[in-house]
1. Extension gain A:Glu148-A:Lys98, at 0.36 nm per residue separation less the Cα-Cα distance, in nm?
2. Hey, can you rank A:1-7, A:175-181, A:152-158 by average C-beta count inside 10 Å, highest first?
3. Could you give the length gained by full extension between A:His196 and A:Ala109, i.e. 0.36 nm per residue of separation minus their alpha carbon distance, to one decimal place?
4. Along Cα→Cβ, 7 Å out, is where each label goes; now give me the distance between the ones at A:Arg6 and A:Ala91 in nm to one decimal.
5. Along the Cα→Cβ direction, 7 angstrom out, place labels at A:Val156 and B:Glu11. What is the inter-label distance in nm?
6. Within a 10 angstrom radius of each residue's Cβ in B:17-26, how many Cβ atoms of other chains show up on average? Whole number is fine.
7. Compute the FRET efficiency between B:Asp177 and B:Thr127 as 1/(1 + (r/R0)^6), taking r as their Cβ-Cβ distance and R0 = 30 Å, and round to the nearest 0.05.
8. Can you spot the aspartates and glutamates whose alpha carbon is less than 12 Å from A:Lys206's alpha carbon? Ignore those fewer than 8 places along the same chain.
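What follows is calculated from the coordinates using simple rules that are stated; it is not laboratory data. Because the structure is predicted, anything quoted here is derived from the model rather than measured. A quick note on method: Cβ atoms are made from the backbone with ideal geometry, for glycine too, and the neighbour counts reach across all protein chains shown.
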Amino acid sequence: MTELERDLRALRLDWPETPDVASRLELRPRRRLLVPALAFAVILAVAAAFAVPQSRSAILRFFHLRGVTVERVGTLPRAEERPLAAGLGSAIDDARAKIVLGGPFLPAAHGTLYERDGIVSTLLPGPVLLSEFGAPEYLKKFVTSNVEWVKVAPNVQGLWIAGEPHVVFFPGASPRLAGNVLVFATGTRTVRLEGHDLARDDALAKAREILGTAAG
Amino acid sequence: MGAVEGRPLDEERELVRRARRGDERAFEQLVRMHQETAFRVAYLISGSEAEDAVQDGVIKAWRALGRFRSDAPFRPWLLRIVANEARNRRRSMGRRAALTLRAEREDVSGGAAPSPETAVLAAEERTRLLAALDALPDDARLALACRYLLELDEAETAAALGVRRGTVKSRVSRALDRLRESYD
């Protein structure tokens, strides 16, 4: 061993504390429940297929809507409850939002915009968190709550997730509990509305306003 | 850092055998034995994403345990999965992980003499060496960190680097040359 190798071995580093992952594992049995779990997923997918006309694409999109993957699970992963406004990133102007999203933030009239890892957000009254992003497979959601397909506008389907809190994984952030959520896609954009007291009709009305298809 | 933290391989094999049959407690024990090394490897690759990388990697390992050869050592297999997960997360970050590795402070207040190893290098030298190591390209830095800071063996280093075992020696050798150039 050379002197340099000895010096390297003698380095003692101040490592970050190791998280006790083993104590936090929530493992699902691999074999025993595999068949029932699959059957449950198929039942949900078939239910979704009946809920919307295009059966095959509906089954696929049930679990994957543009930038969002929704996985139905028996037990939620551990997650923190954090305020909607936490971790939104840095305040940005409209020009920066346009670059990040590949087009202007919707709707054109909005409050302060924040950006973090490609997700542009703003807080609406309620409070409701409106987030938009362009990248594929950006968010992961794990739900035990109700999930249903909703018609946001002609040719625009959305997912309405409500009831029990679900867990959302934003890139670069630890998982957090989320309230009621409407997710839909328009063009290459994925749009997400979230609020603990967000009602389905209010979410749909807001979504239509964002799309510029609001009645009247 | 020993291969199985000082535990006999027989014990590890027994835990693997039980975990493969679906024993969750046995798998948790296996994870507990190796989570520090797994976390540090993930930290070297992905920085602040390390905890999530380990968490997701461990879940993937649990799901894939049926495909694990029970006579093979568990740690390289786990490290490969966790390191892959860390690399994926780093790619999605689109930038090099910002590390905050610092040399450990020598505790002189307890009155005990410093160990022979820590006494070898003065504090400034350690800081300078660490800075030179941190300035290396990712592959070189990770290879040296695995071999000398984490004291992984070749198989484990290969798993962490995502390369064949035969590649480890040459990569470490080249990395040492580069480090020598900047450190000396």
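1. Values: separation 50, 0.36 × 50 = 18.00 nm, distance 3.07 nm.
That works out to 14.9 nm of additional length.
2. Values: A:1-7: 12.9, A:175-181: 21.3, A:152-158: 16.4.
Averaged packing, sorted descending, gives the order A:175-181, A:152-158, A:1-7.
3. Values: separation 87, 0.36 × 87 = 31.32 nm, distance 2.33 nm.
Between A:His196 and A:Ala109, full extension yields 29.0 nm more.
4. Inter-label distance under the simple model: 5.8 nm.
5. In this crude label model, A:Val156 to B:Glu11 measures out at 6.0 nm.
6. On the way: counts 0, 0, 2, 1, 2, 5, 0, 6, 1, 0.
Per residue, the average neighbour count from other chains is 2.
7. Values: r = 22 Å, r/R0 = 0.72.
Calculated transfer efficiency: 0.85.
8. Partners within reach: A:Glu194.
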